[in-house]
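Participant: Quick one: structure below, then a few questions.
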Amino acid sequence: MNSEVNFDNQCKETLMWVYDVAQRTTCPEREDWAFNALRAVLHAIRDRTTIEEAFHLAAQLPVLLRGYYFEGYRPSGKKVKLNAGQFLIRIRKEMGASNELSPEDALSAVLNVLYEHVSIGELEDVKKSMPKDIVNLWEQEMQNSTVW
């Protein structure tokens with residue numbers, strides 16, 4: 001197996017994820033919003049799950065996206081305490097004021113893409129590490145999506 005990273009392929013793979021997120025939002029032509037939504041949702045998930053699950057999830061992300069995923073990460077051994085409302089506020093804030101996607105729309109779109117590209121077992125492990133109200137939000141967004 002060749003361990004060399006092909007930069008062009010990594011760019012294309014990351015852009016495909018962003019495009020996939022954009023196509024699942026209310027504004028499919030806004031890939032800049034989709035990228036910010038992808039990063040914001042991944043950061044919220046990363047900070048609310050265990051360190052172990054954060055790294056397991058990262059292993060299944062494209063290399064360039066993995067860099068954004070770990071941007072600003074400070075593993076302290078403890079999850080950031082967020083309830084479902086705070087989780088959505090965190091996503092909204094990190095997406096930026098100019099992003100017109102709702103945090104729910106962003107969460108749904110990103111979860112859809114994750115379920116297409118990441119093993120279901122890993123996503124279920126991440127989900128199990130969340131508090132019940134975030135699990136309920138996660139499941140609600142997935143029920144409203146086209147994946148299930």
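The values are calculated or read from the model by the stated rules, or taken from the named source; none is laboratory data. This one's a predicted model, so the numbers in the text were calculated from it and none came from an experiment. Every residue, glycine as well, gets a Cβ built from its backbone with ideal geometry; the counts of neighbours run over all protein chains shown.
Participant: Within the range 57-83, count every residue that is out of contact with any helix residue (DSSP H, G or I) (no Cβ under 6 Å at 6 or more places or on another chain) and not in a loop (DSSP other than H, G, I, E, B).
Facilitator: Residues meeting the conditions: 2.
Participant: Taking the range 119-128 as the region of interest, how many residues are more than 18 Å from N83 (Cα to Cα) and surrounded by fewer than 12 Cβ atoms within 10 Å (Cβ to Cβ)?
Facilitator: Residues flagged as more than 18 Å from N83 (Cα to Cα) and surrounded by fewer than 12 Cβ atoms within 10 Å (Cβ to Cβ) within the range 119-128 amount to 3.
Participant: Here are some conditions: (1) free of Cβ contacts under 8 Å to residues at least 60 places away in the same chain; (2) of a type outside the set (S, T, Y); (3) surrounded by 17 or more Cβ atoms within 10 Å (Cβ to Cβ). M95 meets all but one. Which one does it not meet?
Facilitator: The single condition M95 does not satisfy is (1).
Participant: Could I ask something else about it? Checking the structure you have, find out if any residue of the range 20-33 is touching a Cys at 6+ places or on another chain (Cβ under 8 Å), assigned to a helix (DSSP H, G or I), more than 15 Å from I134 (Cβ to Cβ) and in contact (Cβ under 8 Å) with a residue 60 or more places away in the chain.
Facilitator: So the first thing to find is which residues in the range 20-33 are touching a Cys at 6+ places or on another chain (Cβ under 8 Å), and the list is 33.
Those left that are additionally assigned to a helix (DSSP H, G or I): 33.
Next cut, more than 15 Å from I134 (Cβ to Cβ) only: 33.
Those left that are additionally in contact (Cβ under 8 Å) with a residue 60 or more places away in the chain: 33.
Yes.
Participant: State yes or no: is V126 outside any loop (DSSP other than H, G, I, E, B), among the aliphatic types (A, V, I, L, M) and touching a residue at least 12 places away in the same chain (Cβ under 8 Å)? So that I can check it myself, show each step before the final result.
Facilitator: Details: outside any loop (DSSP other than H, G, I, E, B): yes; among the aliphatic types (A, V, I, L, M): yes; touching a residue at least 12 places away in the same chain (Cβ under 8 Å): yes.
Against the criterion (outside any loop (DSSP other than H, G, I, E, B), among the aliphatic types (A, V, I, L, M) and touching a residue at least 12 places away in the same chain (Cβ under 8 Å)), V126 qualifies.
Participant: Where the second residue is aliphatic (A, V, I, L, M) and surrounded by 13 or more Cβ atoms within 10 Å (Cβ to Cβ) and the first is closer than 17 Å to V126 by Cα and in contact (Cβ under 8 Å) with a residue 24 or more places away in the chain and lies in the range 59-83, which pairs have Cβ atoms under 6 Å and are six or more apart or on separate chains?
Facilitator: Close Cβ pairs satisfying both conditions: Q60/V118; Y69/L42; Y69/A58; Y69/L61; P75/I51.
Each row is one residue, and each column tells you yes or no for (1) more than 19 Å from N144 (Cβ to Cβ); (2) surrounded by 15 or more Cβ atoms within 10 Å (Cβ to Cβ); (3) at pLDDT 95 or above.
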{"site": "Q23", "(1), (2), (3)": "no, no, no"}
{"site": "A37", "(1), (2), (3)": "no, yes, yes"}
{"site": "A58", "(1), (2), (3)": "yes, yes, yes"}
{"site": "Y73", "(1), (2), (3)": "yes, no, no"}
{"site": "R90", "(1), (2), (3)": "yes, yes, yes"}
{"site": "L114", "(1), (2), (3)": "no, yes, yes"}
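Participant: Next question. Does R92 satisfy the criteria of being of a type in the set (D, E, K, R), more than 22 Å from P28 (Cα to Cα) and under 14 Å from the mean Cα position of the chain (by Cα)?
Facilitator: Values: of a type in the set (D, E, K, R): yes; more than 22 Å from P28 (Cα to Cα): no; under 14 Å from the mean Cα position of the chain (by Cα): yes.
No, not satisfied.
Participant: State whether one or more residues within the range 45-52 are on the phi < 0 side of the Ramachandran plot and either touching a strand residue (DSSP E or B) at 6+ places or on another chain (Cβ under 6 Å) or part of a loop (DSSP other than H, G, I, E, B) (or both).
Facilitator: Taking the range 45-52 first, the residues on the phi < 0 side of the Ramachandran plot are 45-52.
Those still in the list that are either touching a strand residue (DSSP E or B) at 6+ places or on another chain (Cβ under 6 Å) or part of a loop (DSSP other than H, G, I, E, B) (or both) too: 49-50.
Checked against the condition, which is being on the phi < 0 side of the Ramachandran plot and either touching a strand residue (DSSP E or B) at 6+ places or on another chain (Cβ under 6 Å) or part of a loop (DSSP other than H, G, I, E, B) (or both), the range 45-52 yields at least one hit.
Participant: Residue by residue through the range 129-148, note down the ones that are crowded, with 20+ Cβ neighbours inside 10 Å and not in a helix (DSSP H, G or I).
Facilitator: Selection gives M130 alone.
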